[in-house]
Amino acid sequence: MGENTAVSTLMAATVQIVLLFAITLLMLLLTLVPALLEWYAKTDAEPLRVVREQDTSIRHFATSFRTQVNTFFDDHGIELDDPPGSFNAVWHIDEPVSFLGAAPAPDFSPDEIKARRINRVLIGTSSMFLPGDMVYEEEVYCCGDLTTGDRTAYRALYAEREISLGNESVVVRWLHAGGGVAVGAGSRLFGRLSADQSVTLGAECEFERISSPVIRFAPDNVSPRHLDERVTLESWNPEQALQSIDCDTLKAPAALTIPDHVRVDKHVIAKHALSYGAGVEVAGDTKAGKSLRIGRGAVIRGSLVCGGLIEIGADCRIKGPVISELGIRIGTGCVIGTPAQPTTVSAPEIAVASGAQVSGTVWAGASGRVGT
Amino acid sequence: MRWRYRGHTGRLIRRHRALRSLDVQTSSIMHPLGLTIVALALVLYSRNVITQAWADIIAFWCDSTGIDVTVSMRQTPVGRIFSYSVPELRLASPLPGAEALALSFAIVIAAMLIAYLCLRRFLPLAYLVWAIGVIHLCAITLFYFSPTAFPYTIGGHVSGSLEVTLMLLMIVPLILMVAYYPLNFSLAKKVALTLFILLMVFLFAPHLYACHIVVMSFHSVLYMPILFAVFGALPIMVMIIAIYGWGMSWEQQRQ
Amino acid sequence: MSVHRQRFARGLITRFALVLGSLALAFYGGAVVFAAVVSADKAAAAPQASLFAPKIVLGTIIVILALFMLRHLIFTLNRLFGHQRHPYLDVDVADWPRLAVLIPAHNEEAVIANALGALVDVDYPADRLRIIPIDDRSEDRTWEIISRFQRDFPHLIHPLQREAGGEGKAAVIRFATEQVDEDIVILFDADYVPGRGLLKQLAAPFFDPEVGAVMGRVVPQNTGTNLLTRLLDLERAGGYQVDQQARMNLQLVPQYGGSVGGARVRALQQVGGWREDALAEDTDLTYRLLLHGYKTVYENRSECYEEVPENWQERNRQIMRWAKGHNQAAFRYAWSLMRTPHVSLIERLDGLLLLGVYAVAPLLLVGWVCALLLYFNGEQTLASVGVVTFLFVSFGAMGNFAAFFEIAAALHLDGSGNRVRLLPLNFFNFLVSLVNITRACFGLIFVDYLLDRDVRWAKTRRYRR
């Protein structure tokens, strides 16, 4: 009997030991269940999607919309001279589409006029006028010239020829014209603005990303003046000792000021502030760590890159690109890039004085503004 | 905003992952500070309750498994104003005999050989087996040549390990302060994750060390070094990281 | 909120991380001192030999690890909340520089066609681009495939065939670079399939005259093959999405990675070109450029697929090669880095830490040994501090010594779903890396240097069929 008691005690202890280990292991495994399940089930084992065909072009959305318009025409068997009509066809965003045909002005319903909101995609096959003081919540396509009234907001606009936006317009997503774009004063252009010929922004416009062979900023008062015949400039001899990181590049460990009317034949790097005097001609690229100031009438045949603010004086000629990590101020009469060699001006904040001109892309990450 | 960031197919356009970052919001700072302070305060305030519960759990399992142990609480001062109590265990710490040493040696060598021959396909497991083998061989060597030089008792091992676990409980809020609280999870999720980690560590640790007691009581303190090095803080850390990883996979709040 | 205020707010986060990390460092230092004092008391009460040297070594290693943890904490918080620098990303129209794209190829018949097919389709002015595949003594159909592409695209493809010369990627690239007269060389491995916009993204930073090299992000393509590839995917994510980008944000030392990247030819010539005796020519170049005043730029947006090793043996070879090469660069350039006038103090510090990442593995193992010695000597408290510290780091990535929270943050930003749950299993990857990096370090010192052996290059196996 004593033996039986000992055996049963031993068995009970063994059971308890097994139970202890089982509970301990279960607790650990419980927390590992998500990891083990994911290992086994592979619910998230695909490689990150790297889109080879990713189109970062400014015209991407406009081109995509244009393709949808073509598809719309094909799906509904529409010819360009067909009469207007409304469709409850399913656009991708499940909104109705109005095919305006050649009507010069859309025929809005009394409810729409009262609410001052149009929530239909508008497709016109000739030049069109959109009345002002309205909100156009969906895209607008126009085969000809598109003219709009003042104080109006648009989601997106596409015209095969010219676009003329009224004053104080707002474009939320993108705008593209096959010809030129003229934007009224005080307008706000979020997103993308592109034109195959030219863009002209009125005074006090705000913008984000613009691309065109010629972009003029408030040219009414001032236009870039033709620079006088360049005098022969003396080659710059630095007063302070500079590091030479290669045969074509000079590096200043501190701030650097280059006097007026000299020629610089190399690339220049300054660790802190860099200032070019008036009339300076620089053959290479420029980099400044803290701030970069370009004097009036300078000619820069390379790029300008700065970790801080870039201030470009009036009447400068710059090949580009112009890149700042803080902001760029472009003086009146400046010309950056040319239609034959367009370039990019890029910074979080860009302020452009009236009369300046850029060929290529102006990209303000946070805010772009045109002066008066 | 929705009007602006909705694509023409109706979906919201998200920033590319390469350019993404998190906005600095009030919660980015208040959550880490507030939750850390609250969680730390919770652990500090209930530290003696925690350690008493650990003592009770260990005492229960020792009693259930027939191990003769006396459990009391020992106050450990830290400076002049702070102190914490730790379970103090008194129980036999059997030394390994010659047979146990020989058997253990043979098993370790066999395991390392098998790891080398059969487990090369899964190399990490082989490395782990070898690491355990090396540590255990050191222990075998020590006990073979100088068994009385081994400085620890089972009670001391468990007390020390529980002290370390208490420190880990205090470190968990600090880890989450930088690794989880600033992120875009709801406050409820952050609280839930914190409590779940603390609860699991609180429950797991005494059971783990009860297992240590069982192993060493029924065999010998020969196994103490590998229990300390590999089967002590490591499973607890695995648990913390596993729960943290699970928490990171929860759905975020959209910015 | 204006840009200035946003930056200020983001700068606060970084400063907060710095203060917090310093407190953590102080806490750890205090813990070490406390444990040492406690163990010294015990040693005094119970007289037995107190192991002074292991204590010092262990304490030092803990401080070094804490320093690395602090570094990665700052990186993580900066990447999550700080100001993200992508200054060159918006350049989409410009007078683009002349580009030579080099593709070293040795027995690459399985993959070279895809790479060349992608490159002839890129969005880059054709008159500014030359694609130069270099057949390095291939024994398969590599040259035949390259020749076919040359016939179809004679204005773009200008292949080279290498019959003699040193082994290794650096030797091949050096051979090719000596024959280009373009402004920029861009390097791709033969298994990379670049996107259409990638070349412009990689070329744009070179409008900055201070930029000597550029590096994009490699994304594993064979992620789902097995556990190893999934763990390497986590490691790559942490290394690029957080670590490299944070170093770019903070203007530290982003590392040129040897592929999906490029260098300015003028800068290359200035620093002596590619070194054939460099096992990690990418790390080597990064530091030579840095010492000469050039910067390396990291472009997180410039992504390209790559293949990661699919078995542990391949992984071992890869990590050992990286470790040897990296430590080789550390031996060569650490002292010069401490003295060069071209870098700021913070760049110097980060550059030294970066050079030291592959030296940490043997230190870690030494730390483990010290902790065990102290344990066997009766100093459990101090040993426990060591063990816990080492465990904290062992769920991260060994290569750049990224902590587990850095990997988690990277996956968070990538928008990844459940793969972050694999984090505890990364202990295995860490363990394997730890052992093999240590093997590589000892091999480099005690075999290669002492026996004056040439370091050898092992090509990573291709898996795509």
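Please treat every number below as a calculation from the coordinates, not as lab data. This is a predicted model, so every value here is computed, not measured. Cβ atoms come from the backbone with ideal geometry, glycine included; neighbour counts cover every protein chain shown.
Among C:Trp274, C:Trp143, rank each residue by its count of other Cβ atoms within 10 Å, from fewest to most, as a rough exposure measure.
So the ranking, lowest neighbour count to highest, is C:Trp143, C:Trp274.
What is the calculated FRET efficiency for C:Met338 to A:Phe190, with r their C-beta to C-beta distance and R₀ = 41 Å, to the nearest 0.05?
Result of the calculation: an efficiency of 0.25.
Please compute the length gained on full extension between B:Ser186 and B:Val134, using 0.36 nm multiplied by the number of residues separating them and subtracting their Cα-Cα distance.
Taking B:Ser186 through B:Val134 to full extension adds about 14.1 nm, to one decimal.
Considering every residue in A:58-67, what mean count of other chain Cβ atoms within 10 Å of its Cβ is obtained?
The shielding value for this peptide is 1.
Please give the calculated 222 nm ellipticity per residue for chain C, where each DSSP H segment of at least 4 residues contributes -39500 (n - 2.57) and the sum is spread over every residue; nearest 500 deg cm²/dmol?
-16500 deg cm²/dmol
Using alpha carbons only, how many angstrom separate the centre of segment A:311-372 from the centre of segment C:79-144?
Between the Cα centres of segment A:311-372 and segment C:79-144 lies a distance of 31 Å.
Among A:Asp133, A:Asp145, A:Asp107, whose mean-square fluctuation peaks in a Gaussian network model of chain A (Cα, cutoff 10 Å)?
Taking springs between Cα atoms under 10 Å, the residue moving most is A:Asp107.
Just counting partner chain Cβ atoms within 10 Å, what average do the residues of peptide C:75-81 show around their Cβ?
Average neighbour count from other chains, rounded to a whole number: 4.
For chain A, modelled as a Gaussian network with Cα springs under 10 Å, which listed residue fluctuates most, A:Thr343, A:Thr147, A:Thr14?
Residue with maximal mean-square fluctuation among A:Thr343, A:Thr147, A:Thr14: A:Thr14.
Ranked by Cβ crowding within 10 angstrom, fewest neighbours first, how are C:Ile173, B:Ile175, B:Ile29 ordered?
B:Ile29, B:Ile175, C:Ile173
What's the exposure ranking of A:Cys247, A:Cys334, going from fewest to most Cβ atoms within 10 Å?
Result, fewest neighbours first: A:Cys247, A:Cys334.
Need one word for chain A: rounded, prolate or oblate. Basis is the Cα gyration tensor (sqrt eigenvalues a ≥ b ≥ c); a/c below 1.5 gives rounded, then a/b vs b/c decides.
Judged from the Cα gyration tensor, chain A comes out oblate (a/c at least 1.5, b/c at or above a/b).
Count, for each residue of A:301-309, the Cβ atoms from other chains sitting within 10 Å of its Cβ, then give me the mean as a whole number.
For peptide A:301-309, the averaged partner shielding equals 3.
How big is the gap, in Å, between the Cα center of segment C:171-186 and the Cα center of segment B:216-248?
53
Comparing A:Ala270, A:Ala45, A:Ala278, which has the greatest mean-square fluctuation in the GNM of chain A with Cα pairs linked when under 10 Å apart?
A:Ala45
Going by Cα centres, segment A:51-80 and segment C:308-366 are how many Å apart?
50
Counting only Cα, what are the radius of gyration and maximum Cα-Cα distance Dmax of segment A:234-370, in Å?
Cα-based Rg and Dmax for segment A:234-370 come out at 13.9, 40 Å.
If packing is taken as the average count of other Cβ atoms within 10 Å, what order do C:99-111, C:294-306 fall into, highest mean first?
C:294-306, C:99-111
Taking loop as defined by DSSP and a crowding limit of 16 other beta carbons within 10 Å, which GluC sites (Glu not before Pro) in segment C:148-220 fit?
Here the GluC sites (Glu not before Pro) that fit, given the DSSP loop and packing criteria, are C:Glu163, C:Glu167, C:Glu178.
May I ask for the longest run of chain A untouched by GluC sites (Glu not before Pro) that are loop-located per DSSP and have at most 10 neighbouring C-beta atoms (other than their own) within 10 Å?
For GluC sites (Glu not before Pro) (loop position, at most 10 other Cβ atoms within 10 Å), the longest site-free span of chain A is A:80-228.
Using a 10 Å Cβ count of at most 13 others and DSSP loop calls, identify the longest part of chain B lacking such trypsin sites (Lys or Arg not before Pro).
It works out to B:81-253.
Is chain B rounded, prolate or oblate when judged by the Cα gyration tensor, a ≥ b ≥ c being the square roots of its eigenvalues, rounded requiring a/c under 1.5 and prolate requiring a/b larger than b/c?
The shape class here is oblate.
Let a ≥ b ≥ c be the square roots of the eigenvalues of the Cα gyration tensor of segment C:99-343; is it rounded (a/c under 1.5), or, if not, prolate (a/b larger than b/c) or oblate?
In terms of gyration-tensor shape, rounded.
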